[in-house]
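The values are calculated or read from the model by the stated rules, or taken from the named source; none is laboratory data. Here the structure is a predicted model, which is why all the values come from computation and not from measurement. FYI the Cβ positions are ideal-geometry reconstructions off the backbone, even for glycines, and counts take in every protein chain you see.
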Amino acid sequence: MIKERIEQKKGRITEYVRFLRDIQTDCAVRIDTDPIYRGALLHYLYLMTDSCIALAELVIKFKALRPPQTYAEAFDILGANHILAPEFAYSFAKIAGFRNFLAHDYENIDGQRICEYLLSGLDEVEQYVSQIESTVHSS
């Protein structure tokens with residue numbers, strides 16, 4: 001059951017990344033001039049980041065590891081247990097803060113910084129899914 005949920009979550013994340021890549025063209029211009037574009041972009045970024053956290057929590061449950069106390073700690077646990085490469089895990093844990101920022105500081109979002117993150121962060125998300133995939137399929 002958990003393995004199925006892990007597969008579903010990975011599929012969703014991959015879908016969100018694909019959608020965000022499709023709409024990233026002209027992000028720096030559109031995010032400040034097109035409210036529908038801005039809303040869609042921020043919504044899918046939130047869904048992607050939240051799904052990354054949920055995936056970490058599912059893998060922790062699947063591997064019967066200690067439960068995290070925070071979203072960021074979930075990635076630390078995956079790194080400490082070599083489910084993710086440790087250095088990658090500690091760096092990727094910042095996605096938890098980004099998720100919280102998207103959820104709670106919605107009005108204060110700097111569109112240009114979001115576009116910079118979008119261009120640089122999607123490759124990391126794909127790496128994350130790939131590392132999870134390697135670990136779960138070897139179990």
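Descriptive notes on the structure:
- Qualifying residues in the range 103-126 (those that are outside any loop (DSSP other than H, G, I, E, B) and of a type in the set (D, E)) - the one surrounded by the fewest Cβ atoms within 10 Å (Cβ to Cβ): E107
- Filter result for F75 (under 15 Å from the mean Cα position of the chain (by Cα), of a type outside the set (D, E, K, R) and under 24 Å from M1 (Cβ atoms)): yes
- Residue in the range 125-133 that is in contact with an Asp or Glu (Cβ under 9 Å, 6 or more places away or on another chain) and among the aliphatic types (A, V, I, L, M) present: no
- The residues listed here are K10, K61, K3; of these, the one that is over 19 Å from F101 (Cα atoms) and either at pLDDT below 95 or not in a helix (DSSP H, G or I) (or both) is K3.
- Single residue of the range 58-102 satisfying the filter (hydrophobic (A, V, I, L, M, F, W, C) and without any contact (Cβ under 8 Å) to a residue 12 or more places away in the chain) that is surrounded by the most Cβ atoms within 10 Å (Cβ to Cβ): F101
- Every pair of residues 6+ apart whose Cβ atoms lie under 6 Å, when the first sits in the range 16-39 and is in contact (Cβ under 8 Å) with a residue 40 or more places away in the chain while the second is of a type in the set (G, A, S): I31/G111; D32/G111
- Selected residue (criterion: modelled with the highest pLDDT) from residues of the range 13-56 that are over 22 Å from H104 (Cα atoms) and acidic (D, E): E15
- Residue match in the range 127-136 (condition: over 26 Å from E4 (Cβ atoms) and either in a loop (DSSP other than H, G, I, E, B) or modelled with pLDDT under 90 (or both)): no
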